[in-house]
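Accompanying notes for the structure given below.
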Amino acid sequence: MRTAITSALVASLLPSFLQGQTPLVPVWSHTWPYGQEGSFNSMPWRDNHVAVDPITGLVHVTVDDEFEVASTRWDYLFTFAPDGIDLTPAPPPLLGSPAPNPMAFPANQEGTASLMARDGKVFHARERRNDTYGNVGSVHCHENGPRWQLSLGRDLFGSSDARLLVDEHGTIIFRRTQDLNFGFFALDPNGWIQWSRNFTGMLEFDCAVIVSNEVQAVREGTVHRLDRTTGEPLGTYPVLANQPITEISSNGTDLFFCYAGGNGSITVEERTISGDLVWTRTVSTGPPDDGNLPFDLEVDPAGRPWVITQLGIYVLGSDGGAEERFVYGARINDVAFSEDRAYITGMLDNAGNTTYLIAVDMDLTTMVAEQAYEPALVLYPQPASTTVYLQRAGRVHSARVLSISGQVISTLGAPFDRVNLEHLPVGTYVLELTTDQGRSTHPLVVAR
Amino acid sequence: MSRLSILVLVGLISHALKAQTPPIDLEWTALRWFGNGTGVITHDPVTNEHLWALQDDINTLNANDEVKLPFLPDGSDVAPAYPDRFNVGSLDHLVDLTVIDSVPYALMAHQNIGGVVQDQYWHLFAGAAELIIQSPEEDLLDVGLDMQVEADAIYVCGSSMVGTANNDRGRSIKTDLQGNVLWDVLWDPVGTDALGRFSSVVVLGDTVVMAAFPLLVLFDRNTGTFIDTEDPAALTPPLQGDARLVAGSDRIHWACIQGNTLHFGYWSFTEGGTGGGGGFFQTYATPPAGLDVVLGENGEWWIGTTAEGQGRLLRVGTDADLLSTSTLYASITDLDFVNGKLSITGKLDATNPTSYVLVGTPQP
C-alpha cells in the first residue's frame, strides 16, 4: 500500500508534461442539430449523457429532443460502435417518463439524470418535474427496447437526481426518498431488488462509487461504506475537512475525491479504500462561476483523474503530479471511458444549437493536438437562402440532406462542396456526411 | 448537484433482502416510503393500467387516507402530486379494489368513532355510487372482507352482528354494477364448525360460493337462496380459518391458514374436495399472516402470504400440485392476475414502511 509521503515524493519528481489549455482532437465525432435544452433544476446539461458498455464496447449518448419530434420532448438514445459507426436503430429510441397531464407540463420538465451501460443493457435514471412541486424519479433498463423500470416516486424537494452505479452484479441506485430520507437500492440485472438501505435525516448524498466489494458514498464530508453484496454498513471516515464533495471516483482499488474551493480552485485527493490519504492536489481553475465548477470526476484506465467542468477537463497525473486543461466546444456535459478512448459529449457552441459526441485517444501524446484546432467542417453562409458551401479537410464519401426527423430529402453528388437549397422550404435540416472517420451530422438552416 | 441544509443525521435503517426470485420476468417495480404493508393492487383488464392503493401512514400526501397511485401499463407513474384517495371517515381502510374499464369498485371498512356505540360498517363503491352496509340492528359490528366484480353484478361478503354481541352471521350481498341491492343474505353458522363470517366470495356458474371454513357455503346466484354447505378439506380436526377462494372454469381453488400451516386445495361439484393436509400444505416456523389467491393461466393459480418475515409466493397447478415456492421481500399483501400479468404488492423490508408493487409475466 502506498503511503502519503511516498506518493507525494513521487508526484514532486514527475515531469510536468501537461501544461496549458489544449483543444482535444477527435478520432471521430458526431453532431446533432438540437439538444440545447433549457434549464431544469439549474442543470442545463441534464439530458445529455454518454456511457460506454464495458462488455460490448458500444457507446450510448442521450440528446434532448429539442425540436419536439416527440411531443413530450423526451431524449433520443443514440448508439455508436467504438469506431464511430452509427448503430442507432431507425427511428432512434426515445427515452422518457410520461406526465399525468402532458398539457400541464411544459417542455424541458423531464430529463435523463444518469446513464450507464453494461452487457447490452442501457440503464437510465429519469427525473420529471411534478405538477406542483417535487420531482418524480424512475430508473429504466433499455435492451433493444424497454426492459424494466423502477418507479421511485416523488422527492419533496425537487432537487434529487437519481444516480446509478453499474457493475457485473447489477445496479446501485441512490436518491432522496419521499419522506425526506435517502435510499440506496441494489438491483440485479433483471431488475429485482437485492437490498435496500435507508438513511434517515435530511442530509443528501452527493455521490457514490463501487470499489472492490464496497459502495462508498459521501455526504457532508463523511464517507459511508456499505457492503456491495448485502448493503450492510462497514463504517465511515471523514474526508476533506467536512467540505462538500463534488464527486467521487475509483481506479478499482483506491478512491478519488474532488471538491470546489471557494477561490476558483479544485482540490483532488486519492485515498485508500479505508480512507487513508495518498495524495492531495489543488488546481487553479479561474473564477469560481458555474462554468468552472467541477460536476464530475472520472478516473481513466491509466489511473488519471479527470475533473470535469463545463468549460474544460482537468486531467491529472495518476499520482496527482501534473495537470492539463483540455477544451472542446462551448460546454462539456459528460465523459465516459473505454479501455483506450474517452468519449465526451456536450454543446458545440453557445450561439448555436448543436450537440456533439467525440472520441479521443487515451494516449495523451495523440490526444493533444500539435497544431491549432480547426473545425472538421465549415458550412457557410449559415443561415443560407439558396446555396451553402462546404469546406472540409478530409475526403467525403457521400452526403445527404435529412429532415430533422431523419427523412432523406436529397442525396448530394461529388464533389460535395455545396448544397443547393432552392427547393427547400425555410426551416432547419440536417446535413449528413460519411467520411473516413465515419458518419457525422451538421445543422443546416434555410432562411429567406 | 444542489444542496440542502444540513440537519442532524437521525439514524440509519437497512435490510438485506434475501429472496428466491419468483418465476416471473419482471417488467416494473414501484417503491413508496409509506403504506406499511396494507397495499392493494388492481389491474384494469380493459385499459391495462394499474391502480395501487396505499395507506398514507406518514401523512405525506393525504393524511392517513389510502392514496390512489395510477400507473400506465409499462409502470410509468402518472399520479399527480396530490393523488386521489379513498376516504369515508376516521378509522377507515380499504378492503378490496377492482377497476374495470376505468370504473373503480371498492369495498371499504369504517368505524364511526363519534357514535355512542362505535358502530362498524361497510362501504361499497361502484363507480360514483355508494352503498353503506350495516347490521339489521344498527350500532353493531359489520365487517366487509371480500368483493368479486363480475360482468353483470358485484358480490361482497363479510359478517354482520345480529341481536346480541358474539352473534356474528356470514353476510353476502349482490348488487348491480351501480350498487343497487339485488339480494342480501345472512347465514347462521350454528351447528357447524364455521365462524360467523364469510371470508371470501366467488361465482361458479349459477352458484355463489362463500368461504366459512371448514365449509363452503353455496347460494343461488340469481336469488341468493341458500343451497348447501361443503367441507372441501375434510380434515380432522376441522380446518378453521379465513380462507381465500378463486374460481377456475369448473373448480374452486382455496387456501387457508391454520396455525403455522398454509393448506390449499380445490373443490368442484363433480369431484368434491381435494387437498388440505396430505401433501397439499406448507408449514412455516411462524404462523403465516395475510392471504390472497389469484387464478393464472393454463389452470395455474398463485397463493401469496407472509411467513418467517418474508413474502411467500406459491405457484400451484390446476390439481393443487405445488409447482414452485418463492420468497419475496418482507411481505405479500395482495395479488392480481390480469391479461397474463401477475401483480404483487407488500412491504419491501421489515424495518421501515417502504411498500413495493411489481408486475411481471410468469415464465413457462
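Bear in mind these aren't lab numbers, they're just calculated from the coordinates by the rules spelled out. Fair warning: this is a prediction, and the values are worked out from it, not measured in the lab. Note that we place each Cβ from the backbone using ideal geometry, even for glycine, and neighbour counts take in every protein chain shown.
For B:Asp146, the amide hydrogen comes within under 5 Å of the amide hydrogens of B:Cys157, counting only partners 5 or more places away or on other chains and with H modelled in the peptide plane. Dipole check for segment B:24-362: with +1 at the C-beta of Lys and Arg, -1 at the C-beta of Asp and Glu, and the Cα centre as origin, the magnitude is about 580 Debye. Spread over its residues, the convex hull of the C-alpha atoms of segment B:239-359 is 94 Å³ per residue. Which residues among segment A:219-234 fall inside the zone where the amide N is under 14 Å from a point 7 Å beyond the Cα of A:Ser212, along Cα→Cβ? It comes to A:225-229, A:234, nothing else. Sorting B:Leu54, B:Leu72, B:Leu314, B:Leu335 from the fewest to the most surrounding beta carbons within 10 angstrom yields B:Leu72, B:Leu314, B:Leu335, B:Leu54. Site pair B:Asp220 and B:Ala285 shows an inter-label distance of 5.3 nm when each label is modelled 7 Å from Cα along Cα→Cβ. Backbone phi angles across segment B:244-258, fed through the Karplus curve with coefficients 6.51, -1.76 and 1.60 (θ = phi - 60°), yield HN-Hα couplings of 10, 10, 8, 9, x, 5, 9, 10, 9, 8, 9, 9, 8, 9, 9 Hz in residue order; Gly and Pro are listed as x.
May I ask you to derive the FRET efficiency for B:Asp25 and B:Thr351 from their Cβ-Cβ distance with R0 = 35 Å, giving the value to the nearest 0.05? Computed FRET efficiency for B:Asp25 and B:Thr351 comes out at 0.75. Among A:Thr272, B:Thr21, sorting on how many other beta-carbon atoms sit within 10 Å of each Cβ, with the fewest leading, yields B:Thr21, A:Thr272.
Computed FRET efficiency, Cβ-Cβ of B:Ala129 and B:Val46, R0 22 Å: what is it to the nearest 0.05?
On the way: r = 19 Å, r/R0 = 0.88.
After rounding to 0.05, the efficiency reads 0.70.
The amide H of A:Thr22, built 1.01 Å from its N in the peptide plane, has A:Arg325, A:Phe326, A:Val327 as neighbours under 5 Å, considering only residues 5 or more places off or on other chains. The modelled label-to-label distance for the pair B:Thr229/A:Val426, using points 7 Å beyond Cα in the direction of Cβ, is 8.6 nm.
Using a Debye calculation, one point per C-alpha and no hydration shell, please list log10 I(q)/I(0) for segment B:24-362 at q = 0.06, 0.10 Å⁻¹ in order. Taken in order of the listed q values, log10 I(q)/I(0) reads -0.19, -0.56. Legend: calculated FRET efficiency, B:Asp101 to A:Asp276, from the Cβ-Cβ distance at R0 = 41 Å, rounded to 0.05, equals 0.05. Cα convex hull, segment A:155-271: 108 Å³ per residue, rounded to a whole number.
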